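Undergrad: Have a look at this one before I ask anything.
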Amino acid sequence: MEYEAVIGLEVHAQVKTRTKMFCGCKNEYGGEPNTHVCPVCLGLPGALPAPNVEAIRQTILTGLMLDCRIAEVCKFDRKNYFYPDQAKNYQITQFDMPLCIGGGVVLDKYAFPKEVQKEVYAAAEKKIRLNRIHLEEDVAKSTHYATESGIDFNRCGTPLMEIVSEADMRTPEEAFAYLTTLKRILNYGDVSDADMEKGQMRCDVNVSVRPVGQTKFGTKCELKNLNSISGARRALAYEIQRQIETVRGGGVITQETRRWDDAAGQTYVMRSKEDAHDYRYFPDPDLLPVRTDSGLRAEAEARLPELPRQKKERLVTALGLSEYQAEVLAADKALGDYFEVAVGDTKHGAAIANYIINDFLATEPDTADIQIPARHFSQLAELVSDGKINSKQAKEVLAEMLVSREEPALIVKKKGLEQVTDLGALEAFCDEAIAANPKSVADYQSGKLGAINALKGFVMKKTKGQANPALVDEVLKKKL
């Protein structure tokens, strides 16, 4: 019997705000442990929370970007549980009245792992439905040592969106693409940096298996706090195989929470899985319901950005880029913005995109802080377009530019690369080529048109690659 996986993701993304969700402490990564704290986020008796309006606004914006329905009224609830990383022994969250309902994420085809992109690109685009987005507070950060553990409450109380998908994914690769696409959208909206290495985006995975063709879901297991997109893919691949082997061997899958050990490449049982009633949700008595129709939604709508898919379409239609070039540039907001500055009002979009994608990214994978002035790429494209250097020389200039960060024109002058475009000089070189290669001349004149390449090669060698190839071709054909 063949089996398929059923996968749903719960993505936790920290919201970009100056202060925490329910107090005035700094919302800032880093800092000495337990220095960004106060009675509210430490859960001290008598401390009263006050909601962060900017966090609510940013969550509404996220919902709008993901085509969610924005609730006119929402409320905050208490989710009760005991863990050492939650000082109050309850978490302020949203249960039955979340901010955002429904919506979906259309998987970017180039968001899939490279080894499956060709296969995916031939298929129809897939949309992963969302169940909800709710707003809550993050917990503290635990660090485990050999014989003891430490807790840093700087993170406790940070605004946290939980983006809950429906169980629409069937493969680890789809989960990979979903997380990649979602991260891009959050970056474009500037609602979260979504840096998984800093814990700004984390992922819980719900996964079950069932026979192919069966509509009923199997018993799910939850994999907690996966902190990288590739790690989520590896964890799913292992867990799916584990469940299939268990069922085929006559075993029973137990609903439980498991952790992923990336070094060992295995999942392990943490605890039995809680249901909603185990948390004893009830409305937080310290917080009033929130109305979004009193101006919050309108303020969020005013911030709606151009999204990655929209940018990709514009780069193709307005700047003449290939679909691949547009996809690569739109995938990274910083890189896409840099490219558009480089293009400016020139007509060399495709050439500049080629330089940035094929040459620049190979040497500068970090695009967050690009040191090379964007105008250098447009200057390089102009030098080629104006016939001052050829495409081969452009590669040499580009390699030097990426190291020295000097202007292309200065590099051309310093290296003596400017093309020979003087017609009289080129005619003399072409005459010399014709005289030195009688067989190639005869072959060309007898109809073997490819023979002209030997003559062109002679001229390029004589001029040390500085002759304008197009002019050389024109002169030779005229003389022959």
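The values are calculated or read from the model by the stated rules, or taken from the named source; none is laboratory data. Remember, predicted model here, so these are calculated numbers, not experimental data. FYI the Cβ positions are ideal-geometry reconstructions off the backbone, even for glycines, and counts take in every protein chain you see.
Undergrad: If I ask for residues that are among the hydroxyl-bearing types (Ser, Thr, Tyr) and buried (at least 16 other Cβ atoms within 10 Å of the Cβ), which ones from region 4-46 would you list?
TA: THR17, THR19
Undergrad: Take the conditions within 12 Å of VAL15 (Cα to Cα), in contact (Cβ under 8 Å) with a residue 12 or more places away in the chain and either among the basic types (Lys, Arg) or buried (at least 23 other Cβ atoms within 10 Å of the Cβ) (or both) and apply them to GLU162. Does it pass?
TA: No; evaluated as a whole, the condition is false for this residue.
Undergrad: What are the pairs with Cβ atoms under 8 angstrom where one residue, in region 40-63, is on the phi > 0 side of the Ramachandran plot and the other, located anywhere, is basic (Lys, Arg)? Sequence gap at least six, or different chains.
TA: GLY43/LYS88
Undergrad: Taking region 107-128 only, how many residues are within 17 Å of ARG170 (Cβ to Cβ), under 19 Å from the mean Cα position of the chain (by Cα) and surrounded by fewer than 18 Cβ atoms within 10 Å (Cβ to Cβ)?
TA: 5
Undergrad: While we're on this one: Give just the number: which of (1) in a helix (DSSP H, G or I); (2) in contact (Cβ under 8 Å) with a residue 24 or more places away in the chain; (3) exposed (fewer than 15 other Cβ atoms within 10 Å of the Cβ) does THR254 not satisfy?
TA: (1)
Undergrad: Among the candidates GLU406, GLU427, GLU432, single out the residue that is closer than 29 Å to TYR355 by Cα and of a type in the set (Asp, Glu).
TA: Values: GLU427 fails: closer than 29 Å to TYR355 by Cα; GLU432 fails: closer than 29 Å to TYR355 by Cα.
None of the other options fit; the residue is GLU406.
Undergrad: Next question, about the same structure. Taking ALA436 as the residue in question, decide whether it is surrounded by fewer than 16 Cβ atoms within 10 Å (Cβ to Cβ) and without any contact (Cβ under 8 Å) to a residue 40 or more places away in the chain.
TA: So ALA436 passes the test.
Undergrad: Continuing with this model, one more query. Residue check: is LYS75 farther than 24 Å from MET169 by Cα and modelled with pLDDT of 95 or more?
TA: On the way: farther than 24 Å from MET169 by Cα: yes; modelled with pLDDT of 95 or more: yes.
The answer is yes for LYS75.
Undergrad: Considering each residue of region 424-473, count those that are assigned to a helix (DSSP H, G or I), at pLDDT below 90 and under 24 Å from VAL397 (Cβ atoms), and give that number.
TA: Going through region 424-473 one residue at a time, the tally reaches 13.
Undergrad: Scan (1) over 22 Å from ALA167 (Cβ atoms); (2) surrounded by 11 or more Cβ atoms within 10 Å (Cβ to Cβ) for the single condition GLN241 breaks and write down its number.
TA: Going through the list (1) over 22 Å from ALA167 (Cβ atoms); (2) surrounded by 11 or more Cβ atoms within 10 Å (Cβ to Cβ), GLN241 breaks only (1).
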